[in-house]
Amino acid sequence: MYRMNFYESVCLRCNQTVYQVDRVGPLKDFTFYHSGCFKCSYCGTKLTLKTYYNNQHDQEDKEVYCSSHVPKIGPGHLDGSAVGIRSALNVPRSTNFVNEQIRGSGKGTFDAEALNIRPHLNGNSPNHPATQHHNHSSAATPGHNYHHEHGYQYGRFDASALHIAHALRATELHKSYNKAREKPIEYYLDKDEQTRLEMKHRKEEDDLYRKFARHREEEDKRIKDEFRDEWEKELERLTSRFERELQTKRKRPEDTKVLTMRLQQERIDLEKNMTMRRDKKKDSLIKKLLEHERAATAALVEKQSREMLELINEKRSEYMQAESLYLDDGDALQEALTPYPSQAPLPAPPALSKFQIYNDPVEFAHVDQIAISVAQEDQKTFTDLVRQLVGRCGSDIEKARTIFRWITVKNLNTMTFDEDLRGDTPMGLLRGIKHGTESYHVLFKRLCSYAGLHCVVIKGYSKSAGYQPGVRFEDNRFRNSWNAVYVAGAWRFVQCNWGARHLVNAKEVPKVGSKAGKSDSLRYEYDDHYFLTDPREFIYEFFPLSSDWQLLKAPITLQDFEELPFVRSLFFRYGLYFPDSHTKAVMYTDATGAATVRIAMPTNMQSSLIFHYNLKFYDNDGDSYDGVSLKRFVMQSVVSNIVAFRVHAPSSGAFLLDIFANAVTPKEYLTGEPMKFKSVCKFKIACEELQTVMVPLPDCASGEWGPTKATRLFGLIPITHQDALIFAGRELELQFRMSRPLTDFMATLHKNGVEEKRLSKYVSHIVSNDDVVTFEITFPEEGQYGLDIYTRELPVNSVESNGEKHLLTHCCKYLINSSKRN
């Protein structure tokens with residue numbers, strides 16, 4: 001699809017390049033004008049987007065006109081071809097007219113078959129887009145189902161059958177949040193005027209940095225003087241003692257030599273000790289200074305952001321008195337619009353969820369590309385940077401998005417800066433990042449102010465690197481900062497630092513000031529979860545010092561925050577939730593040492609999500625007990641949309657349960673390639689006392705127990721046993737039905753203390769009727785067994801490529817308790 005380069009647009013009137021700050025358009029057929037050239041083609045009257053007209057009767061005429069001179073066909077003449085309705089005008093008039101294209105078999109009826117919507121009127125498929133949209137639009141609170149299923153409403157006219165679902169969805173979103181496109185900032189605020197205020201701010205910043213430098217030099221000199229005085233005093237004390245001892249022992253030369261060597265060693269030790277003390281004191285001082293500098297920088301940015309917003313709001317207000325602020329004109333539209341507030345509103349829960357604003361990052365593909373492109377260039381002022389970022393953004397959300405994506409693309413944590421970086425050089429804008437005085441959050445706030453957006457920096461606690469479930473927030477170890485930006489009529493959370501990801505497929509990170517090479521092979525990863533995160537999800541990881549900034553209708557306490565399960569963004573990306581209200585960060589075992597963690601999956605993810613887990617001791621990295629892997633003390637099973645992890649602690653104490661997940665298709669799973677799992681949540685399993693001795697599960701393949709996996713990935717449907725746990729006598733018969741061709745089945749039996757080879761003769765299988773496989777097991781003795789089943793898909797061709805067979809893949813496993821009584 002062809003895309004015009006907005007940076008290289010040409011004025012239709014003078015045929016010269018139109019730059020962003022002086023651009024009017026795009027208009028008819030993507031035409032552009034300089035603001036000075038935007039005049040009536042006939043009389044030269046200066047036009048605005050509210051007063052210009054196009055020739056509606058000549059598609060080749062791209063010029064603009066005033067209302068008096070726009071070409072008209074003439075009074076009383078209706079040209080059907082000009083407005084595309086000639087065919088309609090030629091239709092014979094009839095009071096009983098029924099469009100033949102949609103005529104049904106019955107007279108005057110509207111036949112669904114004619115529109116190919118019979119299936120939709122009869123019932124909705126679970127995979128139908130309309131159903132999926134309906135299912136995902138429900139809101140929920142922490143610990144409850146985020147996605148609720150609804151029955152189909154018969155008689156409902158399904159828009160997707162007429163291919164207008166997208167248009168209706170757009171209308172629905174407009175009802176939730178008005179996305180009227182606002183004119184770029186250059187319409188009402190001259191670039192030079194904004195730059196003048198920025199230069200004033202830069203001078204203030206330069207003065208502040210010079211003050212920081214002077215203070216650091218003074219403190220460094222003070223420490224040096226302090227330790228020099230102490231060094232001289234200590235050296236004088238050592239020398240005086242040496243001379244006194246030398247006076248008493250000067251008769252023996254060997255004593256003099258010993259005393260001299262001792263003095264030299266004591267001087268070395270003293271110097272080493274004082275150097276360590278000095279460095280430690282300097283480190284402590286630098287930390288305190290940096291803390292002070294960050295606070296001072298944040299205060300300055302707060303003041304400057306307020307001044308920038310005041311300037312923008314003043315100019316916007318003046319412009320609104322004379323002109324429309326929106327690209328789409330019309331009195332009805334103007335009445336419906338709610339202008340962006342000039343003063344920052346008080347914190348309050350948003351009325352709309354993130355999903356109601358957007359449900360797929362691809363909706364921002366064009367503005368994300370703007371951010372990526374701008375990130376490859378150099379800017380000398382924030383004014384230039386932000387205007388390049390938001391110049392083509394028509395809504396406050398898009399403005400916040402491009403700023404968020406620019407910061408995440410820049411990956412500021414990995415940047416290397418020149419030592420002589422000045423504030424007036426490309427990327428000298430980011431010297432605060434280099435000096436450590438400015439964080440992602442302060443920078444985001446600063447850039448938002450240049451775009452005319454209200455933004456605050458929020459301080460509090462976060463479950464960040466190093467945090468483990470059960471840890472109390474008693475000191476400053478897990479203090480953090482993040483942002484809330486006012487967009488879509490509410491305050492919404494943004495965490496640029498956690499949203500930032502690395503550059504994929506890049507051999508090296510570009511140096512600041514250097515242009516990137518070919519970008520075709522580059523992909524900028526980021527975590528969309530941390531852009532406009534819903535408060536009910538954000539609270540799992542971030543706790544503000546001010547309860548108002550939880551943005552929850554019912555704020556929680558710090559203790560509540562500590563007890564919330566420790567989840568990661570992937571947990572919400574997969575739509576997971578905890579079906580049990582008692583699920584907390586610390587799960588206590590019962591008297592038998594058992595505790596169960598249950599996680600629910602949304603319907604649309606059941607066929608693709610695969611879970612894994614790891615269990616280790618809480619206070620160390622030990623992952624075995626008496627030589628046995630701790631994984632064998634966890635039973636993972638899946639029933640319907642619930643995945644359960646039942647932990648049986650082998651001893652009293654604390655354990656760390658880490659649960660991982662990955663979304664894969666059956667085809668991807670069957671390739672046998674290693675799968676990458678990412679953590680979705682962690683729990684502390686606390687066993688205060690253990691009254692029974694727990695034995696490990698049989699040493700089977702890792703992963704879930706039960707036949708669900710076989711059905712989900714292999715289409716193997718259990719006929720006889722649907723549960724993961726089987727109680728049997730000395731013989732057992734398992735049957736499955738194949739819903740697609742499978743071949744080369746294999747089953748292995750496992751029992752603690754018995755070699756696998758010894759048990760191989762007790763398992764056999766047979767395929768009957770081409771689609772039923774039966775496994776027959778004879779147990780040599782009573783006890784607990786594990787049964788692994790493997791298979792592979794039947795190849796499409798009888799002769800496989802290279803004459804090799806696909807590897808057998810693990811299909812499912814059962815836990816079997818065999819006894820004579822069963």
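Some observations on this one:
- Rounded to the nearest Hz, the phi-derived 3J(HN,Hα) couplings of the stretch 684-695 under the Karplus curve 6.51 cos²θ - 1.76 cosθ + 1.60 (θ = phi - 60°) are 8, 9, 9, 10, 7, 8, 10, 9, 10, 8, 9, 9, where x marks glycine and proline.
- The H on the amide N of Ser9, modeled in the peptide plane, is under 5 Å from the matching H of Val18, each at least 5 residues off or on a different chain.
- Gyration tensor (Cα) of the stretch 674-822, equivalent ellipsoid semi-axes in angstrom: 29, 22, 15
- Ranked by how many other beta carbons lie within 10 Å on average, peptides 437-450, 254-267 from highest: 437-450, 254-267
- The phi torsions of the stretch 211-218, fed into the Karplus equation with coefficients 6.51, -1.76 and 1.60 and a -60° offset, translate into couplings of 5, 4, 5, 4, 4, 5, 5, 5 Hz, rounded to whole numbers, with Gly and Pro shown as x.
- Charge sum, other residues only, whose C-beta stays under 13 Å from Lys761's C-beta, Lys/Arg counted +1 and Asp/Glu -1: -1
- Rounded to whole Å, the principal axis extents of the Cα atoms in the stretch 711-760 read 36, 24, 17, largest first.
- Subtracting the Cα-Cα distance of Ala295 and Asn817 from 0.36 nm times their residue separation leaves 181.5 nm of extension gain.
- Förster radius 60 Å - calculated FRET efficiency between Ser702 and Thr45 (Cβ-Cβ, nearest 0.05): 0.20
- Formal net charge of residues neighbouring Phe617 (Cβ-Cβ distance under 14 Å; K, R +1; D, E -1): -1
- Taking the average, over residues, of other Cβ atoms within 10 Å as the packing measure, peptides 491-498, 592-599, 729-736, 398-405 rank 398-405, 491-498, 592-599, 729-736 from highest down.
- In range of the label at Ile642: residues from the stretch 609-627 whose backbone nitrogen is under 20 Å from the point 7 Å along Cα→Cβ: 609-613
- Over 32 Å (Cα to Cα) - which of Lys28/Lys445; Lys203/Lys410; Lys62/Lys191; Lys203/Lys315; Lys410/Lys676 fall in this group: Lys28/Lys445
- Expressed as a whole percent, the accessible surface of the stretch 679-822 that belongs to carbon and sulfur atoms is 47, based on a 1.4 Å probe.
- Share of Cα-Cα pairs in the stretch 650-690 lying beyond 14 Å, as whole percent: 61
- Packing-based order for 357-366, 708-717, using average beta carbon neighbours within 10 Å, highest first: 708-717, 357-366
- Heavy atoms of Cys43 accessible to a 1.4 Å probe, total area in Å² rounded to 10: 60
- The stretch 634-695 versus the stretch 195-248: alpha-carbon centroid distance in Å: 56
- Using the empirical formula 2.2 N^0.38 Å as the baseline, the Cα radius of gyration of the stretch 555-647 reaches a ratio of 1.20.
- All-pairs Cα distance distribution in the stretch 191-259, expressed in whole percent, bin size 5 Å: 4, 13, 10, 9, 8, 7, 7, 6, 6, 5, 5, 4, 4, 4, 3, 2, 1, 0
The values are calculated or read from the model by the stated rules, or taken from the named source; none is laboratory data. If you're wondering where the values come from, they're calculated on a predicted model, not measured in any experiment. Glycine also receives a Cβ, built like all others from the backbone with ideal geometry; neighbour counts cover every protein chain displayed. Accessible surface is based on the protein model in full, side chains and every heavy atom, while ligands, DNA and RNA are left aside. Shrake-Rupley method; radii C 1.70, N 1.55, O 1.52, S 1.80 Å.
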